[in-house]
Each structure stands twice: as structure tokens, then as C-alpha cells.
Amino acid sequence: MRIIRADNYEEMSKKAADIVKSQVILKPDCVLGLATGDTPLGMYSELINMYENKEVDFSDVTIFNLDEYCKLNRENAQSYFYYMNHNFFKYINVKKKNTHIPNGNAKDIDEECRDYERQIKNKGGIDLQVLGIGANGHIGFNEPAINFEAETHLVKLDEMTIEANSRFFNSIAEVPTSAISMGIKTIMQSRMLILLANGEAKVDAIFKTAKGKINPKVPASIIQLHPNATIIVEKYAAKLL
């Protein structure tokens with residue numbers, strides 16, 4: 001596992017975007033796994049600039065998102081469907097048919113999870129997976145004590161995650177309590193992964209992820225076992241490393 005330190009959020013975002021760009025250039029029809037939240041916004045902005053400057057072409061790329069809230073309308077500004085379309089997809093030339101986000105409103109959530117997993121496998125798996133990390137060490141919506149063998153599945157969100165995400169909603173009562181998430185097994189089967197972290201709130205999670213014991217109570221710690229994992233961390237989140 002490599003650790004790349006960045007002096008600030010902008011540098012972290014640029015380094016992450018450079019890795020994604022390189023992956024797309026090396027394999028134009030690659031499969032990307034992408035994340036949401038505050039952390040990757042800068043990376044998406046950098047990639048949009050690269051696309052506009054004709055440095056990268058997404059026309060043959062396939063994208064699978066990590067997760068989506070359950071029982072939240074897709075056009076709700078806090079849904080990850082809305083997030084990806086309004087922060088990334090509409091600014092690049094990725095084909096709509098090649099973008100995949102779990103349907104948290106599916107009538108049969110278990111079948112939705114199985115189908116999402118089948119779609120990933122049918123595309124040959126994920127070439128590059130981008131991850132953020134929660135303050136409790138979650139990746140995707142895989143909360144502490146999650147089964148490391150899990151594939152795409154329904155998750156009950158941890159109280160810490162609900163509280164952290166409440167800043168995006170009018171009140172904590174509006175935050176969904178469950179979500180569909182790629183499982184740890186699915187994430188670990190990606191051929192390459194990068195984990196991004198910034199801010200002092202992530203200090204403990206990053207230390208336990210990179211230097212602690214591999215433990216389901218810190219889901220991100222499993223990436224220590226990945227053969228091609230990189231953590232890109234800005235200086236405030238890296239204080240204990």
C-alpha cells in the first residue's frame with residue numbers, strides 16, 4: 001500500500017485526478033468505481049477541466065458508483081444519482097448507458113443488489129475504484145463490524161454516519177437510515193484502488209486504516225491487503241502517520 005501525502009485539498013484532488021486520467025488513457029474502455037461526498041468533489045472538478053482541455057476522453061468508460069440511499073427520490077438533491085449527474089456526468093462525454101448507480105427505490109432491494117453485482121461482473125470487474133472514508137472508518141456505506149465477505153448489499157447506516165451526513169439535510173430526521181452499498185468483497189476485487197482523505201476529522205480513521213490492525217471495526221483497514229492500493233491524504237488528515 002502506497003501513501004501519498006498532499007499539502008492541501010487541491011493537491012490531493014489533482015493527484016487523484018491524474019491517476020484516474022492515466023487509467024482512462026491506458027485503457028479507454030476501463031471500468032471506474034466512483035464515490036460521492038465532499039472529498040472527491042475537487043477530483044471531479046479537475047477531471048472536468050482535463051476533459052474540457054481534451055486531455056481525457058470518457059466516451060468508452062463505464063462507471064459504477066459505490067452506493068445510494070434507500071427511499072430517497074433520485075431527483076432529490078441529496079441522492080447520489082443527483083450528485084453524480086450534477087457534479088460530474090453532465091460535464092463529460094460519458095454515455096448515460098454506461099453510468100450505473102444502485103436504485104435505492106427498487107421494489108426488491110435484494111434483487112437490485114444481486115443485479116448490480118451481476119452488472120459489475122459482466123463488465124469484467126472494476127479497474128480502478130475511488131474511495132472516501134468516514135470518520136468511523138467506513139468505505140462505501142460499509143459500516144464498522146461489516147462482513148468482509150459481503151458483495152453489494154443493503155446496509156443499515158451507523159448513527160455516526162447519519163449524524164455526519166445530516167449536514168446535507170435540513171434536519172437529522174430527514175437522513176435516510178439505510179442504503180445500498182458495494183460490499184468489501186466487491187471493492188477488494190477491483191484491480192486498483194485509491195482512497196482519499198482530508199481534514200482533521202479523518203485523522204484517527206486514516207491512522208487505523210494505514211497503521212492499525214485489520215479489523216472489521218475499521219472497514220477501511222482491509223485495504224492493507226489489497227495488492228495495488230494507494231492512500232492520498234492531505235497533511236491535516238495525515239498527522240498521525
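None of the figures in this text is laboratory data; all of them are computed from the coordinates on show. Here the structure is a predicted model, which is why all the values come from computation and not from measurement. We place every Cβ from the backbone using ideal geometry, glycine too, and count neighbours over all the protein chains shown.
Going by how many other Cβ atoms sit within 10 Å of their own, how do Met43, Met160 line up, fewest first?
Lowest to highest Cβ neighbour count: Met160, Met43.
Evaluate E = 1/(1 + (r/R0)^6) for Asp57 and Asn122, where r is the Cβ-Cβ distance and R0 equals 25 Å; express this FRET efficiency to the nearest 0.05.
For Asp57 and Asn122, the calculated efficiency is 0.60.
Counting helices only, and only those DSSP H runs with n ≥ 4, report the 222 nm mean residue ellipticity of the chain as the sum of -39,500 (n - 2.57) divided by its residues, in deg cm²/dmol to the nearest 500.
Value at 222 nm, helices only: -9000 deg cm²/dmol.
Enumerate the calculated ³J(HN,Hα) couplings along segment 98-113 in order (Karplus 6.51 cos²θ - 1.76 cosθ + 1.60, θ = phi - 60°), each rounded to whole Hz, writing x wherever the residue is Gly or Pro.
Each residue of segment 98-113 in turn: 9, 9, 10, 9, x, 9, x, 9, 4, 5, 10, 5, 4, 5, 4, 5 Hz.
Highest GNM mean-square fluctuation, the chain, Cα pairs closer than 10 Å: which of Lys71, Lys21, Lys202?
Largest GNM mean-square fluctuation: Lys71.
When the dipole is taken about the Cα centre of the chain, and only Lys, Arg (+1) and Asp, Glu (-1) are charged at their Cβ, what size is it in debye, to the nearest 20?
Taking the Cα centre of the chain as origin, the dipole is about 520 debye.
Once amide H atoms are placed 1.01 Å from N in the peptide plane, what residues at a sequence separation of 5 or more from Ile4, or on another chain, have their amide H within under 5 Å of its amide H?
Hits under the 5 Å cutoff: Ile231, Ile232, Val233.
Please order Ser221, Ser13, Ser166, Ser171 by the number of other Cβ within 10 Å, starting at the fewest.
Listed from fewest to most nearby Cβ atoms, that is Ser171, Ser166, Ser221, Ser13.
If R0 is 30 Å, what FRET efficiency do you get for Glu149 and Ile25 from their C-beta distance, rounded to 0.05?
So, using R0 = 30 Å, E works out to roughly 0.30.
Would you mind pulling out the separation of the Cα centroids of segment 120-164 and segment 13-42, in Å?
18 Å
Going by how many other beta carbons lie within 10 Å of each one, how would you line up Leu196, Leu47, Leu157, Leu225, fewest first?
Going from sparsest to densest Cβ surroundings: Leu225, Leu157, Leu47, Leu196.
What FRET efficiency comes out for the pair Ile3/Asn105, r = Cβ-Cβ distance, R0 = 41 Å, nearest 0.05?
Once rounded, the FRET efficiency stands at 0.60.
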